[in-house]
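Trainee: To start, I am sharing the structure in question, which I have written as structure tokens.
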Amino acid sequence: MAISVHAAAARPSQNPAAYRYFATGMSVGTNRRRPERELALALRLSHTIDGMAAARSIHHVGVAVDDLDGAIDTYARLFGATLEHRERVEEQGVEAASIRVGESRVELLGALGEDTPVGRFLAKRGPGMHHVAYEVDDIRAALADLAGAGAELIDETPRRGMFGLEVAFVHPESVGGVLSEVVSVG
């Protein structure tokens, strides 16, 4: 039986059962070959690394911009991006546009004022990458795992984010200087 599921063969510590299957062709704890559909199910359910909740995917990359309308036009013209959703959140001082580039998503962030998180970011660093958002199945479990691993959480409990997501941020000092966000569909 030929199987080409590359995600499972990453590293043994990430998915020992899948690694053993690819290395030996045998199921863990048995001496029989595992059917392809059982392997696919195991991979879908296996979003843990050493018992910790792992991100399913990168949900989006956040980019701070000076001119939201101009940025939307630029991404559409240069990359064929399409506007997925646009939302203004007064209490967070931001207007955001979620755009799709193929199967990927970019979140363009425009500040509603200078004394807002994005406004301060723009004043200090100028336009550019603001954060990376990781999608998780269970945001509360992910936050507990992150805190247990020593990450400094900006949000210890999830809050309502834009576009109906539950979100929480991780301090950049914990992630190599990159502001990180965990998100789940609430």
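The values are calculated or read from the model by the stated rules, or taken from the named source; none is laboratory data. For clarity, every value in this text was computed on a predicted model and none was experimentally measured. Don't worry about glycine lacking a Cβ; one is built from the backbone with ideal geometry, like all the others, and counts go over all protein chains shown.
Trainee: Among the candidates Gly93, Gly150, Gly102, which residue alone is at positive phi and surrounded by 16 or more Cβ atoms within 10 Å (Cβ to Cβ)? First the steps, then the outcome.
Mentor: Details: Gly150 fails: surrounded by 16 or more Cβ atoms within 10 Å (Cβ to Cβ); Gly102 fails: surrounded by 16 or more Cβ atoms within 10 Å (Cβ to Cβ).
Going through Gly93, Gly150, Gly102 in turn, just one is at positive phi and surrounded by 16 or more Cβ atoms within 10 Å (Cβ to Cβ): Gly93.
Trainee: Here is a list of conditions, (1) surrounded by fewer than 20 Cβ atoms within 10 Å (Cβ to Cβ); (2) among the charged types (D, E, K, R); (3) at pLDDT 95 or above, and Glu181 meets all of them except one; can you say which number that is?
Mentor: Just one mismatch for Glu181, condition (1).
Trainee: Select, from Met162, Met129, the only residue that is closer than 15 Å to Ile58 by Cβ and in contact (Cβ under 8 Å) with a residue 12 or more places away in the chain. Spell out how you get there, then give the answer.
Mentor: On the way: Met162 fails: closer than 15 Å to Ile58 by Cβ.
When all the criteria are applied, what remains is Met129.
Trainee: Looking only at region 159-178, which residues are in a helix (DSSP H, G or I) and surrounded by 12 or more Cβ atoms within 10 Å (Cβ to Cβ)?
Mentor: Within region 159-178, Met162, Phe163, Pro172, Ser174 qualify.
Trainee: Now for a separate question. In the set Gly113, Gly128, which member is under 17 Å from Ser180 (Cα atoms) and either surrounded by fewer than 20 Cβ atoms within 10 Å (Cβ to Cβ) or in contact with a helix residue (DSSP H, G or I) (Cβ under 8 Å, 6 or more places away or on another chain) (or both)?
Mentor: Values: Gly113 fails: under 17 Å from Ser180 (Cα atoms).
One residue alone meets the criteria, Gly128.
Trainee: Being surrounded by fewer than 21 Cβ atoms within 10 Å (Cβ to Cβ) and either touching a helix residue (DSSP H, G or I) at 6+ places or on another chain (Cβ under 9 Å) or in contact (Cβ under 8 Å) with a residue 24 or more places away in the chain (or both) is the filter here; which residues of region 116-125 pass it?
Mentor: Thr116, Pro117, Gly119, Phe121, Leu122, Arg125
Trainee: Kindly list the number of the only condition in (1) under 19 Å from Ser180 (Cα atoms); (2) touching a Ser or Thr at 6+ places or on another chain (Cβ under 7 Å) that fails for Ser104.
Mentor: Evaluating Ser104 over (1) under 19 Å from Ser180 (Cα atoms); (2) touching a Ser or Thr at 6+ places or on another chain (Cβ under 7 Å) leaves (2) as the failure.
Trainee: Looking for something within 16 Å of Met162 (Cα to Cα) and modelled with pLDDT of 95 or more - is there at least one such residue anywhere in region 66-75? Before you say what the answer is, go through the steps one by one.
Mentor: Residues of region 66-75 that are within 16 Å of Met162 (Cα to Cα), as a first pass: 68.
Now drop any that are not modelled with pLDDT of 95 or more, which leaves 68.
Yes; the residues of region 66-75 include at least one that is within 16 Å of Met162 (Cα to Cα) and modelled with pLDDT of 95 or more.
Trainee: For region 65-90, which positions are farther than 21 Å from Glu135 by Cβ, among the small types (Gly, Ala, Ser) and crowded, with 18+ Cβ neighbours inside 10 Å?
Mentor: Ala71
Trainee: Does Val136 meet the test of being among the β-branched types (Val, Ile, Thr), within 16 Å of the chain's Cα centre (by Cα) and at pLDDT 95 or above? Step through it out loud before you land on a result.
Mentor: Numbers: among the β-branched types (Val, Ile, Thr): yes; within 16 Å of the chain's Cα centre (by Cα): yes; at pLDDT 95 or above: yes.
Judged against the criteria, Val136 is a match.
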